[in-house]
Ligand SMILES: C[S@@+](CC[C@H](N)C(=O)[O-])C[C@H]1O[C@@H](n2cnc3c(N)ncnc32)[C@H](O)[C@@H]1O
């Protein structure tokens, strides 16, 4: 498909301008999200036309006009072609996700990581997802593992509304519990010492929220899945840099732990990486 897209673009865009075109784009349900630069924005209709021709199921092409921003991690979007809409249903790992990509965070690029975590969950486990968005990790865990309960917190009311709808359409009532509010407050008030596994899929805040992830874990300990962004020059190892940062913080909180796994989830920019750490916390 990518080859066809490049061929269509090379028929419509002068070859000296082709290197300015981002050759990756996200597909969320029947919406494609492209990125435009100053140099490529004049070709927005040509790019959208090529995508609509290659992916017959796509109804809308939107352009992301700035970085993901704010507490809710949203992206600014502009309609380029097709239907004027930002809500769609995305299919991933056999689950359906109803999402408004303008009002809620959603990234199809995390699909491998979501399934990796679901496969680690043991029968009867209680999971706390501190930053759940529209419920992707939580619902994939509920459908692909034998978890007992997944408490699924988000501070964005629109994300929680979509999460509730996704619990309904994926029939995971009684397994996934959407909770609206700040993860700090919800854990302090309602989820102390309940979980065998805690997910922290918000790199911007995960370090600050470590004390609450520890508080949500049972006294017997368990697993924390920690996410961070890290910059690393050629000779540096981004995983080791994140391990060092997380280790310092956890030691300052007197936790006993090991970090048996660190991995690069994806590249997020030149020399920038999203890193996942699987942290095993021993009994307190
Ligand atoms: C990067 S998104 C992760 C979404 C989700 N895990 C996924 O895979 O799609 C982070 C989410 O954390 C939420 N958030 C930000 N601050 C929060 C807080 N203090 N407590 C709970 N949720 C928060 C945002 O609204 C956003 O939906």
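Residue-wise test of (1) modelled with pLDDT under 90; (2) in contact with a helix residue (DSSP H, G or I) (Cβ under 7 Å, 6 or more places away or on another chain).
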| residue | (1), (2) |
| --- | --- |
| 22 | yes, no |
| 54 | yes, yes |
| 89 | no, no |
| 92 | no, yes |
Item to complete: Could you grab me the full set of residues in region 159-175 that are surrounded by 13 or more Cβ atoms within 10 Å (Cβ to Cβ) and without any contact (Cβ under 8 Å) to a residue 60 or more places away in the chain?
Response: 160, 161, 163, 164, 167, 172, 175
Discussion item. For the condition in contact (Cβ under 8 Å) with a residue 12 or more places away in the chain and surrounded by fewer than 16 Cβ atoms within 10 Å (Cβ to Cβ), what is the one hit in 92, 78?
Written reply: 78
Worksheet item: Is there a residue being surrounded by fewer than 16 Cβ atoms within 10 Å (Cβ to Cβ), more than 21 Å from the chain's Cα centre (by Cα) and free of Cβ contacts under 8 Å to residues at least 24 places away in the same chain anywhere in region 259-268?
Response: yes
Practice prompt. Go over the candidates 248, 243, 256 one by one and state the one that is crowded, with 17+ Cβ neighbours inside 10 Å, modelled with pLDDT of 95 or more, out of contact with any helix residue (DSSP H, G or I) (no Cβ under 7 Å at 6 or more places or on another chain) and farther than 20 Å from residue 127 by Cβ.
Written response: 243
Worksheet entry | Considering residues of region 147-158 that are closer than 19 Å to residue 223 by Cβ and surrounded by fewer than 22 Cβ atoms within 10 Å (Cβ to Cβ) only, the residue nearest to the ligand (Cβ to nearest atom) | 149
Discussion item. Going through 235, 267 one at a time, which residue ends up being at pLDDT below 95, outside any loop (DSSP other than H, G, I, E, B) and at negative phi?
Written reply: 267
Fill in: Selection within region 179-211 - in contact with a strand residue (DSSP E or B) (Cβ under 9 Å, 6 or more places away or on another chain), within 9 Å of the ligand (Cβ to nearest atom) and in a loop (DSSP other than H, G, I, E, B)
181, 182, 201, 202, 203, 204, 209
Worksheet entry | Given (1) over 28 Å from residue 282 (Cβ atoms); (2) more than 12 Å from the ligand (Cβ to nearest atom), index of the condition residue 162 fails | (2)
Response to the item:
The condition of being away from the ligand (no atom under 16 Å from the Cβ), within 29 Å of residue 160 (Cβ to Cβ) and surrounded by 13 or more Cβ atoms within 10 Å (Cβ to Cβ) holds, among 116, 35, 73, only for 35
Practice prompt. Any chance you could count how many residues in region 117-137 are free of Cβ contacts under 8 Å to residues at least 40 places away in the same chain and farther than 25 Å from residue 34 by Cα?
Written response: 4
Worksheet item: Which of the following residues is more than 12 Å from the chain's Cα centre (by Cα), within 9 Å of the ligand (Cβ to nearest atom) and not assigned by TED's automatic domain parsing to the domain that holds residue 40: 121, 99?
Response: 99
Item to complete: Tell me which residues, restricted to region 24-52, are within 16 Å of residue 109 (Cα to Cα), modelled with pLDDT under 90 and not in a strand (DSSP E or B).
Response: 24, 25
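The values are calculated or read from the model by the stated rules, or taken from the named source; none is laboratory data. Quick caveat, the model's predicted, so the values are computed rather than measured. Cβ atoms come from the backbone with ideal geometry, glycine included; neighbour counts cover every protein chain shown.
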